[in-house]
Amino acid sequence: MPTIEKTFTKKRVGPRFSFLVDAEIVLRDGTSIPTQLDEVSLRGCYLDTLEPIPVGTRFLLKIGEGRKAFEVQGKVIYTHLGSGLGIFGQGVVFTDLSAQERSAINLWLREHQ
């Protein structure tokens with residue numbers, strides 16, 4: 001069982017927008033984990049997976065939606081059991097954002113509001 005961060009305090013810098021879109025987590029060893037993006041902001045997102053991902057894990061997140069798909073580096077900052085149906089939730093902070101990635105996220109958020 002993964003370490004579950006129970007003392008994480010939600011401190012949002014900006015608003016998160018709620019919507020569902022399929023995505024893919026690619027771990028550093030090349031392992032691919034299907035996921036669903038549940039919320040997103042300029043600084044991070046919340047993901048649902050069928051497998052727990054340990055706090056501190058760094059990965060590439062591929063968010064796909066046709067020609068507007070983009071990739072961003074992320075790091076799990078907290079994880080917890082979701083609805084009790086074998087779903088795990090992960091709070092993710094985006095890391096090492098380039099100006100181009102930040103622009104892509106801004107555009108994506110504007111189009112999905």
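Couple of notes before you dig in:
- Filter result for Val76 (in a strand (DSSP E or B), surrounded by 18 or more Cβ atoms within 10 Å (Cβ to Cβ), among the hydrophobic types (A, V, I, L, M, F, W, C) and modelled with pLDDT of 95 or more): yes
- Top-ranked residue of segment 18-63 - restricted to ones that are touching a helix residue (DSSP H, G or I) at 6+ places or on another chain (Cβ under 8 Å) and in a strand (DSSP E or B), ranked as surrounded by the fewest Cβ atoms within 10 Å (Cβ to Cβ): Ile63
The values are calculated or read from the model by the stated rules, or taken from the named source; none is laboratory data. Keep in mind it's a predicted model, so treat the numbers as computed, not measured. Methodologically, a virtual Cβ is constructed for each residue, glycine included, from the backbone with ideal geometry; neighbour enumeration extends over all protein chains shown.
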